[in-house]
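Contents: one structure, followed by commentary.
The values are calculated or read from the model by the stated rules, or taken from the named source; none is laboratory data. Note that the coordinates shown come from a computational prediction; the quantities given were computed from them, not determined experimentally. Quick reminder, even Gly has a Cβ in these numbers, built from the backbone with ideal geometry, and neighbours come from all protein chains shown. Note: accessible area is taken over every heavy atom of the protein model, side chains too, but ligands, DNA and RNA are not part of it. Shrake-Rupley method; radii C 1.70, N 1.55, O 1.52, S 1.80 Å.
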Amino acid sequence: MDEQGAAVSGSRVLVAGASIAGPALAHWLRRRGAEVTVVERAPGLRPGGQAVDARGVAKEVIARMGLDGAVRAARTETAGAHTVDVDGNVLETFRADDHGGDGYIADIEILRGDLSQVLHDDTRDGVEYVFGDRIAELTQDADGVDVTFASGERRRFDLVVGADGLHSALRAMVFGPRERFVRHLGLVLAFYSVPNEFGLDRWFIDYQDQESGRSAGLRPIRDATQAMAMFSFPSADFDVDYRDIEGQKRLLRERMTGLGWLTPRILAHLDDTPDFYLDQVAQVVMDRWSKGRVGLIGDAAFSSSPMSGGGTGLALVGAYLLAGELAAAGWDPEAGFAGYEARMRSFVEANQEIGRLHVDSRVPQPDAEPSPELDMEALTALVERAINGAELPDYAGVPDSGAAKSSARP
């Protein structure tokens, strides 16, 4: 094998996190020839979760992965969305085929857990997965990174990448405390699965109370006997531990009191749901996504918040570009991480701006000056940059084991 191939085959990469960004990165690292280990603190893949979307350039990444069939087979198959008033009367309708499938309801919409499963199925035969463990300590030098796991095992890697989400432990360990990077946008989002006793049939229903800034919604999923409940409420002082589930449920009940619509019926299932989630709507803003031989990807590096609709696209595109840039640089971390950041920065900033605008449109600002009218031309350009604003090089000449080796399961 040539020198480039030898360098590739000798690259050992540890990825922290097995949700979406981690397994997607593992796919591309493996195809570029690296030996990949993914460590996940949870005992297994987390099922369910909110619906996530792939638009524009992210769909091209899925196609290049050889996973278009598998991803589409696992879609929620949501036909569109209705916004309704407190009595359930339809105010506005959005369809999944609007704007070529890249509109408010995306053509590719899939539960986070289902996409994670597709990516894990694709990579599990060629990637080492370690569940129920985490990075406890790491030290890096010019030639590699020494990692001590919580289990006590010690190993050395050439590179370490954190794909462990908004509350990234690796980011805190290497870059500093979360308060330095996490920007709370003043909104809290909760979702959980409920029995579909509401007659939901492939249409997402969204009720927004403009006066209080609160919302409630019901989203269809592939299992027609179930639905995904969604709530949001403004909160400038969110201080509930993200691991204190019972405290979060109490907070949700308090904040949803008196909302109306179907809210009481949806809340009645709160204690029985197997997959409750509540957290602040937040973004991660960092000047750099790497330090030496340690880098970050996905929400750990550049969360755009669920309100952007672009977090999954950022993870998928980021995985393609990070693996490609590292391989193109002969696995030199300084050059590889620099190329990745240069290619991703504008794309990230556009999606984060979309997220902030969406939150601002939902959260009442009683003492604020009236907002100037939106420049629709500028907004259209911003949306286009958020959907298609990342160039995907072919990386000709860079080793690629080929999509034929990816286990795309239709």
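Quick notes on this structure:
- Surface accessible to a 1.4 Å probe, per residue, for the residues of region 176-300, Å²: 45 Å²
- Rounded to 10°, Cα long-axis angle of helix 245-256 versus longest principal axis of the chain: 40 degrees
- Extension gain for the segment Arg345 to Arg202, taken as residue separation times 0.36 nm less the Cα-Cα distance, is 47.9 nm to one decimal.
- Length gained on full extension, Arg253 to Ala381: 42.1 nm, using 0.36 nm per residue less the C-alpha separation.
- Calculated SAXS-style log₁₀ I(q)/I(0) at q = 0.10, 0.12, 0.23 Å⁻¹ - region 119-239, Debye, Cα scatterers: -0.58, -0.77, -1.23
- Entry note, the chain: relative contact order of 22 percent, from Cα contacts under 8 Å with a spacing of 6+ residues.
- Judged by the mean number of other Cβ atoms found within 10 Å, the most tightly packed of the peptides 215-223, 24-32, 38-46, 128-136 leads the ranking 24-32, 215-223, 38-46, 128-136.
- In this structure, Asp85 and Glu334 have a Cβ-Cβ separation that, at R0 = 45 Å, corresponds to a calculated FRET efficiency of about 0.20.
- Count Lys and Arg as plus one, Asp and Glu as minus one, and take only other residues whose Cβ is under 14 Å from that of Gly336; the net charge is then 0.
- Rg and Dmax of region 267-326, based on Cα coordinates, read 15.5, 50 Å.
- With Cα atoms, 0 to 90° folded angle of helix 112-123 axis to the chain main axis: 20 degrees
- Label selected from (1) 36, 22, 21; (2) 29, 28, 19; (3) 32, 28, 22, the criterion being semi-axes √(5λ) of the Cα gyration tensor in Å as computed here: (1)
- In terms of the mean number of neighbouring beta-carbon atoms within 10 Å, the peptides 277-288, 259-270 order highest first as 277-288, 259-270.
- Normalised alpha carbon radius of gyration of region 71-113 [divisor 2.2 N^0.38 Å]: 1.30
- Mean separation of Cα contacts under 8 Å (6+ apart) over length of region 167-274, as relative contact order %: 26 percent
- Relative contact order of region 132-171: 29 percent, from C-alpha pairs under 8 Å at least 6 residues apart in sequence.
- Solvent-accessible area, 1.4 Å probe, carbon plus sulfur percent, for the chain: 48 percent
- With a Förster radius of 25 Å applied to the beta-carbon distance between Arg155 and Asp121, the computed FRET efficiency rounds to 0.50.
- Spatial offset of region 131-155 relative to region 245-275 amounts to 40 Å, using the alpha carbon center of each.
- Computed extension length for Asp287-Asp237: 15.4 nm, one decimal, from 0.36 nm per residue of separation with the Cα-Cα distance subtracted.
- When each of the peptides 17-23, 207-213 is scored by the mean number of other C-beta atoms lying within 10 Å of its residues, the order from highest to lowest reads 17-23, 207-213.
- Placing a label point 7 Å from the Cα of Ser361 along the Cα-to-Cβ line, the residues of region 283-310 whose backbone N sits under 18 Å from it are 304-310.
- Computed with a 1.4 Å probe over protein heavy atoms only, the accessible surface of region 29-91 comes to 37 Å² per residue.
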